[in-house]
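The values are calculated or read from the model by the stated rules, or taken from the named source; none is laboratory data. Values in this document were obtained by computation on a predicted structure and should not be read as measured data. Here Cβ is always computed from backbone atoms with ideal geometry, including for glycine, and neighbour counts include all displayed protein chains. Side chains are part of the model used for accessible areas, which takes the heavy atoms of the whole protein and leaves out ligands, DNA and RNA. Shrake-Rupley method; radii C 1.70, N 1.55, O 1.52, S 1.80 Å.
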There are 4 protein chains.
Amino acid sequence: MKRAGIINVTGYVGAELARLLWRHPEVRLTSVTGRSGAGKPLAEVFPHLAPLGLTIGEELNSVDVVFSALPHGASAQAVAPLIEAGLPVIDHSADFRLRDVDDYESWYGRKHPAPHLLPDAVYGMPELHRDEVAKAQVVAVPGCYPSSAIPALAPALRAGLIEHDVIIDSKSGVSGAGRTLDLKRHYSEANESVLAYGLEGHFHLAEITQELSRLCEAPAPRITFIPHLVPMTRGILSTCYAPLAPGRVSPGNRARSEVREIYSEFYRNEPFIRVVDSPPQTKQAWGSNYCLLYPTVDLRAGRLVVVSCLDNLVKGAAGQAIQDMNLMLGFPETAGLEDLAVYP
Amino acid sequence: MKRAGIINVTGYVGAELARLLWRHPEVRLTSVTGRSGAGKPLAEVFPHLAPLGLTIGEELNSVDVVFSALPHGASAQAVAPLIEAGLPVIDHSADFRLRDVDDYESWYGRKHPAPHLLPDAVYGMPELHRDEVAKAQVVAVPGCYPSSAIPALAPALRAGLIEHDVIIDSKSGVSGAGRTLDLKRHYSEANESVLAYGLEGHFHLAEITQELSRLCEAPAPRITFIPHLVPMTRGILSTCYAPLAPGRVSPGNRARSEVREIYSEFYRNEPFIRVVDSPPQTKQAWGSNYCLLYPTVDLRAGRLVVVSCLDNLVKGAAGQAIQDMNLMLGFPETAGLEDLAVYP
Amino acid sequence: MKRAGIINVTGYVGAELARLLWRHPEVRLTSVTGRSGAGKPLAEVFPHLAPLGLTIGEELNSVDVVFSALPHGASAQAVAPLIEAGLPVIDHSADFRLRDVDDYESWYGRKHPAPHLLPDAVYGMPELHRDEVAKAQVVAVPGCYPSSAIPALAPALRAGLIEHDVIIDSKSGVSGAGRTLDLKRHYSEANESVLAYGLEGHFHLAEITQELSRLCEAPAPRITFIPHLVPMTRGILSTCYAPLAPGRVSPGNRARSEVREIYSEFYRNEPFIRVVDSPPQTKQAWGSNYCLLYPTVDLRAGRLVVVSCLDNLVKGAAGQAIQDMNLMLGFPETAGLEDLAVYP
Amino acid sequence: MKRAGIINVTGYVGAELARLLWRHPEVRLTSVTGRSGAGKPLAEVFPHLAPLGLTIGEELNSVDVVFSALPHGASAQAVAPLIEAGLPVIDHSADFRLRDVDDYESWYGRKHPAPHLLPDAVYGMPELHRDEVAKAQVVAVPGCYPSSAIPALAPALRAGLIEHDVIIDSKSGVSGAGRTLDLKRHYSEANESVLAYGLEGHFHLAEITQELSRLCEAPAPRITFIPHLVPMTRGILSTCYAPLAPGRVSPGNRARSEVREIYSEFYRNEPFIRVVDSPPQTKQAWGSNYCLLYPTVDLRAGRLVVVSCLDNLVKGAAGQAIQDMNLMLGFPETAGLEDLAVYP
């Protein structure tokens, strides 16, 4: 058994990593730290994790693989020495997601804390970068929105099916915003209400643009991405829109099955992406590592429409991180991720 | 006091009409019918309406104005004799919304039950058709989605601000789907989940297209409209996207204030449309007749983005109906609609 | 028109007072203060209150009646000078609810800030103290839980129907806990979960005990009161249990109708208490000033069971406060409180 | 690997059995039937179960163990021939829960379909009947409410800690009421509302009374049980109240730790019952087979108060059924039930 450690276990991503590692056949969670709560039993912060019997430490003990669930800026700083010591690191912050330091610095408004580590970091979406992840020492887990949007558009861009003019309208449950107190996520404010936010430009647009641009020829896609907060705890549904490129699909209803076929083919061997036959709902992924995709065509307007669903804390965060770890450490890719969704 | 009647009070729109009329200074609800429940006290079906002291009848008694909350097809049939008898009729079905009989028949897949009544019916959105509503005998209350989407796009189309290429991504609470039992609205299925539906083309696209086309020159806008079900009882938030027409707004940040100004000007005297300074949430309209609009610009992609919020049962149905009635009967337009939102 | 002021309008009770006063025919809200936010437009803190056009001040302007929505301790201190200046004051804190200073000091763990004002303060539950409220200068609005529990038990205790051994199991929406940020009311923590709290003794037990004791002969009832947090924004449902006193009702099913009769008789002329024929749900009171009571008998166990529902922010707070104000200022008791529930 | 079959997989209990068996190390689900949907892929009814690759049949294929998720009456009839053929049967209906046929017939208002099978059936609560379950061929899975209430009271009754006068106030999520359409569980009706029901006597009282009576000497406890519907999908929280028997615990605060000690001792070796140190919330059990108990004392009133939480579809149904199966087939009791709660 390999020993895993989690830096900053006291947020939702950290807790979800701990939950999933509990069932992992090859890895045992042996050390956890927390920005608050050092010295406390983990069960005091998260009673559902009581069976792990862990205490929150100030520093990680000796482990074989590290997950960081720190926010950007803090994370690169914390893991830099571990990386230099040769440990495999899977990072949930934005610090290792963007290839281009300038891109990072203009989006995040700060100097990158460890730019020398960027060239070797890999964007941890196995469906696009499986081989690099398998060889990487440092993997950046994609953001929750990109995890739902990029797979929804990748096959279409790769196939030249659409014009480079994309709208991503995402609806997220509230846990995506984390455990930090904030009026927008105060129960009485968030409940029974929908809200658009990030209208001036949300961080995740940077990585969506980076990854989608790598899938197609120039020009880079012109992308509008608007996230919404929806009154539920978990789940993201992204609805993605783009004009069909002329002449790529047959006219009329056949367009729909042709598009479906392109997607099914693209994801034929993927264990966690399911191209489905009827519009999915987020709850069908609740607690599981699946991403459900439903591509179709608006025949009147000549537009591709793709609906994508996942659990933001699993395939959108901790589950994808474990999938990355499995690749990095040579375990079966699905190890520890076999759970079906908890439905209803 | 004028006497009002409601045909089919036993659904959510009927009940909401009854609730709002209870506070109307000039009109008294004196007669209600129901497809089920004739003979029962209204309080048995809707306990919150007990103070009205009404019994559900089979037929309307003598009244001065009629609201119909029957579904399409049934409604035109039921109100045709009342119209012929000269009564003012405000209809919640789709039967009088579309000018073009063929349009109706192809969208709804049935012969129109009373095509001779169409020429005189008015699409009851006061912000676009105030004068016609005031003179009409038959008013078609707009659908809930069009009530949120059309006002979001009207100023931009009228001003030539955008290209005729529009995406409307709407998120609706579950009450919009009515009181009829259905697995999709069964609590355990709908709760904690988001869902896209109507992906083959939702009925409301017909009226959205009709009304938006009247606001601009040819070509008619190419519109993709995708509704979503969100786990809350009331509220619609529509996010509307369209490319800016070249050269109509200044480059950079000034574009945002110019767009805001066009919207504010367009709705300057509207009692129920508020152009707001920060992104609204649906709950800010809960129980009230307000529609909140937040227009902005995605500067990177050169796109107009407008967020629109309302309560689907009030401004999206019963409240707008009463606003229409006020115009038709010569009352102050806001009579009976003064309530602020119930927040939180 | 009388002018009203609200001290601390920036919490949910303050905002609800503002919403209700907006429709009051005899009173106009002219001045509001806030612990945070002085100088800001009220619309910035609560967009749904924009139509009031008010700005949050540091101090109240000259008004004819004052509502305080400050927490206990702070409230008595703030209103003492206003009381001394002769203004009618309606207070939402616990500072004027308990007759007995020692009781206050042992429950709240602090010296009472103005004990000399206690003898003239009245517990503002019109159903029990209508005449005193009408004559009072200082009225203490009952807590939200007591507002639901006391009316559920008053008729039974007054009639000697039950033994003095009472259990009150209350289920409350989250808004009752206010707008202050707290992990327990963070959306992702509170959503989809039920929780018992206050198990060591909740403040509201003090006023429940005080009021129920005054309704019956010694010994004072032995009361267990356990509040629960339920994932909804508004509403309290209290289920109250007590053994039937021997011989007071007939055996068998007749007991139920006899009990119903006692309750109906007790509340015959009450405008806001409805004794209902089938078990109510909290939503039937949403946004309204009604309290719905359903008394019945567990025939197997010989126990009275009473279910009580209300909206914690209306009949459980701001609505009851306005009902008190109406009595104090000589307006019709229902003025400004005519709204039916917003359902569903 | 043993082969398991599920009769009536198309409800929530059936689906939950399928989800849990998917991870079972010793048993493979090979055959499922459905009252509706025979011939359809299981994935069409429950998309989250797609990975099982099963088709709904009319009849079970050859299996080694059978779960029935049919309603009472239908279930005994359906499983009687399987029992006679010697198959181990785990039944979710009420048909085998009550020892006394008369009791069954008076509560359920029908003749028992197979009274000759009752004497050998075992009430499948391992914490009370582990040895009988292990030897049984027919096990009745307890109802969801009894699964939460009985463990909350068993230690106190066994220890003579309380008088035989018990109130159980239960709050349940909506999935407990199943997948059958019903206005009470229609989203817009159930959402944002709490409701008491079963006030004339809920079925589950019969089994609660049977089991609690077996734990103590006469007289049988006088039990009032009132279930409530709470707006969430999963979870039951039961708050249980009983007067302390005189002299059994020390006065003052020590009573609380003594009571805690009695409970901890009673459940010392139970894998799925956790006596916790702070009031639990239902979500801490979401998706898992744990039951969390928090016993305390209302010192003012001299009453034991016990809060009990579980997931109604897991420990309250399918999880407990698998726990029973593990005992019956000689597997480790926790096999397939290792998942932690999905939180938040």
If you check B:ALA85, B:ALA15, which single one turns out to be open to solvent by 50 Å² or more (accessible area, probe 1.4 Å) and of a type in the set (A, V, I, L, M)?
B:ALA85
What's the total number of residues in the range C:1-35 that are aromatic (Phe, Trp, Tyr) and in a strand (DSSP E or B)?
0
Could you tell me which of the residues D:ALA94, D:ALA38, D:ALA85 is under 30 Å from D:SER213 (Cβ atoms) and more than 14 Å from every other protein chain (Cβ to nearest Cβ)?
D:ALA94
Residue list for the range D:91-101, restricted to those being surrounded by 24 or more Cβ atoms within 10 Å (Cβ to Cβ) and outside any loop (DSSP other than H, G, I, E, B)
D:ASP91
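Return yes or no: is D:ALA69 open to solvent by 10 Å² or more (accessible area, probe 1.4 Å) and either within 22 Å of D:MET125 (Cα to Cα) or of a type in the set (Phe, Trp, Tyr) (or both)?
yes
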Give just the number: which of (1) touching a residue at least 40 places away in the same chain (Cβ under 8 Å); (2) within 15 Å of A:VAL138 (Cβ to Cβ) does A:ILE56 not satisfy?
(2)
Scanning the range A:86-112 for residues that are within 24 Å of A:MET325 (Cα to Cα) and free of Cβ contacts under 8 Å to residues at least 60 places away in the same chain gives A:GLY86, A:LEU87, A:VAL89, A:ASP91, A:SER93, A:ASP95, A:PHE96
Selection within the range B:154-168 - touching an Asp or Glu at 6+ places or on another chain (Cβ under 9 Å) and under 25 Å from A:LEU237 (Cα atoms):
B:ILE167
Within the range D:140-156, can one find any residue that is farther than 30 Å from C:LEU195 by Cβ and in a strand (DSSP E or B)?
yes
Taking the range A:298-308 and keeping residues more than 8 Å from chain B (Cβ to nearest Cβ) and touching a Leu at 6+ places or on another chain (Cβ under 6 Å) leaves A:LEU304, A:SER308
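Residue by residue through the range B:289-319, note down the ones that are outside any strand (DSSP E or B) and surrounded by fewer than 24 Cβ atoms within 10 Å (Cβ to Cβ). So that I can check it myself, show each step before the final result.
Of the range B:289-319, the ones outside any strand (DSSP E or B) are B:289-290, B:299-302, B:311-319.
If the condition is that a residue be outside any strand (DSSP E or B) and surrounded by fewer than 24 Cβ atoms within 10 Å (Cβ to Cβ), then B:LEU299, B:ARG300, B:ALA301, B:GLY302 are the ones that fit.
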If D:LEU60 satisfies every condition in (1) open to solvent by less than 20 Å² (accessible area, probe 1.4 Å); (2) hydrophobic (A, V, I, L, M, F, W, C); (3) in contact with a Ser or Thr (Cβ under 9 Å, 6 or more places away or on another chain); (4) part of a loop (DSSP other than H, G, I, E, B) but one, which is the exception?
(1)
If you take the residues in the range C:320-334 that are surrounded by fewer than 24 Cβ atoms within 10 Å (Cβ to Cβ), of a type in the set (A, V, I, L, M, F, W, C) and under 18 Å from the mean Cα position of the chain (by Cα), which one is farthest from the other protein chains (Cβ to nearest Cβ)?
C:MET328
Those residues of the range A:167-194 which are over 26 Å from A:MET125 (Cα atoms), of a type outside the set (D, E, K, R) and surrounded by fewer than 23 Cβ atoms within 10 Å (Cβ to Cβ), in sequence order:
A:THR180, A:LEU181, A:LEU183
Return the residues of the range A:102-114 that are part of a helix (DSSP H, G or I) and surrounded by 13 or more Cβ atoms within 10 Å (Cβ to Cβ); say none if nothing qualifies.
A:ASP103, A:TYR104, A:GLU105, A:TRP107, A:TYR108
Test: B:LEU49 is touching a residue at least 60 places away in the same chain (Cβ under 8 Å), in contact with a helix residue (DSSP H, G or I) (Cβ under 9 Å, 6 or more places away or on another chain) and in a helix (DSSP H, G or I):
no
Mind checking which residues of the range B:153-166 are under 20 Å from A:ILE168 (Cβ atoms) and open to solvent by 20 Å² or more (accessible area, probe 1.4 Å)?
B:GLU163, B:ASP165
Conditions: (1) open to solvent by 10 Å² or more (accessible area, probe 1.4 Å); (2) over 17 Å from the mean Cα position of the chain (by Cα). D:ARG130 meets all but one. Number of the miss?
(2)
In the list A:ASN269, A:ASN253, which residue meets the criterion of being surrounded by fewer than 16 Cβ atoms within 10 Å (Cβ to Cβ) and modelled with pLDDT of 95 or more?
A:ASN269
When you check C:ARG274 against the structure, is it open to solvent by 10 Å² or more (accessible area, probe 1.4 Å), over 24 Å from C:ALA4 (Cα atoms), modelled with pLDDT of 95 or more and within 17 Å of the chain's Cα centre (by Cα), yes or no?
yes
